[in-house]
Amino acid sequence: MARNPSRRTRFDNGDLDRLKKQVTIESVCRAHGIELQKHGSRDLVGKCPFHEDTNPSFVVTPDKNLFHCLGCDAGGSVIDLVMKLDGLDFPAAVNKLLRGHGFIQRASDLPDPAASPDILPEEKIQQLLEKVIAVYEKTFPDVPEGRDYLARRGLEDAGLLTRHRIGYCNGRLKEILPTTGQVWDELRQVGVLLRNGQERFTGCVTAPVFDVDGNIVTVYGRYTGGLSAVSGGKRHVYLSGRQTGLWNAAIIKTYPEIILVESVIDALSVEVAGYANVVSIQSTNGVGDADLQLFKDFGVRKLILLLDGDEPGRKAAERLKEKAIQFTCQVVTLPGDHDPNSYLVEYGAEKLGKFIQENTASAQAEPPGEGKGQADDSARNLVPGGFSVTYGLRRYEVRGLEKSCRKLKVTIRVEHAGKLHVDTLDLYSARSRRILEQDLCRIFEEMPETIEADLARLVVECEQREEPSSVEQPVTPVIQVLPAEKPDAEAFGRSPDIVGRMGSALNLGLSD
């Protein structure tokens, strides 16, 4: 009898810890059609899939990534949930999660696990990666290799590169760090340092990858000089054991229409061409179910698939289009097997921008960095005395618009996630915008960059709107009664046959 191979599998504790932390129970619930709603300040609740549950009793605690049913007492981690939902044993459930979330790697693939048996907490990893990114970021303007490489790729916009914290690794961490000690071991465990002490990203232009909330997911590296033995012949380098993520993911919270490209270099190229609403999916298979749900959660309505023009790129676009059935999807193929960057290098930013404009239904170009963007026309509605626009899931209602060359005064009503804020301000006042931005970030728990982009777009929207017109109403003549006539007027008003007397008066008036 054939043995079940999953039963022979042994998993390192590091595998299991990463699995329990990085695969959320919410994403597994969504994949199985379990709807969750807010329950108190920390929990989510839905109907339990394991028993007849008319009153939602299935509680999920995102902070701990655990579930517990108050009705049937089922509970546990994400692995326990998959075991119960799919009827699998422990090894089979772990294998399914590992395969379904390719960013999780086996312990054998992780950097030097024997030297660092303890799993670093995510907060510590975030701190380490932030310091590494800062070093690479500071190195970039000081050495020519990274700048020259990007210049050859048509990417010379210093403001754009600074905003995305583009860096370069020339191995200088060795000069900064002690040769031994805790930090050295921690960076080796995270994967920044290899077992031989060499930096993983040596010779790479680097770009930090953040999630929608600004947390560091990983570091992306692009080798600048052909294929390197350090990378095992790979041009694109990531940290082992961590998800590759979506580069420029924060933009999902701002735009209802997103352009998807394969690489970070392609995404920078599209931005140079004037489109800020671009996200790199980091490979032809870089979009999972959790990513599609993320798009949906933040109000994205349309995906423009601008993948490479070669055969693998076209096939990947068609696969993704079939997968993303809940969105309006448009496949845009560059001619001549071009990818966005090669098209930029050959034809320039203006022609790339024009190609995108002519081949997409409603995407609108904007100067890089200005965050102008566009709201979906279907989201623009008239309101009494004003208008409303929707950016992501945030609805801005504008009333009482007053415009002059020095003033743009409005009353703004903002709704998001069941919360409301109302303010009256002059949008031409930088101080007023800054105060409003701080209030909205605090109330709605949004990133400053997101709200700043919203307000910039709102200023343009208000400038393009006409002030509410004052429609002339028919003027009702005012009849003045002199003091001497007041007693007769009061007597007339109290008269029992006032209607008949009024009719006679009108007839007299018509006969004159």
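The values are calculated or read from the model by the stated rules, or taken from the named source; none is laboratory data. Note that the structure is a prediction, hence the values are computed from the model and not measured. Virtual Cβ from ideal backbone geometry, glycine too; neighbours counted across all protein chains shown.
Quick notes on this structure:
- Here the stretch 31-53 is the region considered, the condition is being within 18 Å of Val78 (Cα to Cα) and out of contact with any strand residue (DSSP E or B) (no Cβ under 8 Å at 6 or more places or on another chain), and the residue that is modelled with the lowest pLDDT is Ala31.
- Residue list for the stretch 20-38, filter: over 26 Å from Arg242 (Cα atoms) and either loosely packed, with under 15 Cβ neighbours inside 10 Å or not assigned by TED's automatic domain parsing to the domain that holds Ser77 (or both): Gly33, Glu35, Gln37, Lys38
- Residue that is modelled with the lowest pLDDT, among those in the stretch 418-436 that are β-branched (Val, Ile, Thr) and under 17 Å from Gly386 (Cα atoms): Val422
- Top-ranked residue of the stretch 159-191 - restricted to ones that are surrounded by fewer than 22 Cβ atoms within 10 Å (Cβ to Cβ) and of a type in the set (Val, Ile, Thr), ranked as nearest to Leu294 (Cα to Cα): Thr162
- Just one of (1) of a type outside the set (Phe, Trp, Tyr); (2) more than 26 Å from Leu420 (Cβ to Cβ); (3) modelled with pLDDT of 60 or more fails for Ser470. It is (3).
- Annotation note: of Asp339, Asp289, Asp266, Asp310, the sole residue that is in contact with a helix residue (DSSP H, G or I) (Cβ under 8 Å, 6 or more places away or on another chain), at pLDDT below 90 and farther than 27 Å from Arg395 by Cα is Asp310.
- Selection count, the stretch 164-214, where residues are of a type in the set (Gly, Ala, Ser), within 24 Å of Ile252 (Cα to Cα) and assigned to a loop (DSSP other than H, G, I, E, B): 1
- Where helices (runs of 4 or more DSSP H) sit wholly within the stretch 260-339, none has at least 3 residues that are of a type in the set (D, E, K, R), in contact with a Leu (Cβ under 9 Å, 6 or more places away or on another chain) and touching a residue at least 60 places away in the same chain (Cβ under 8 Å).
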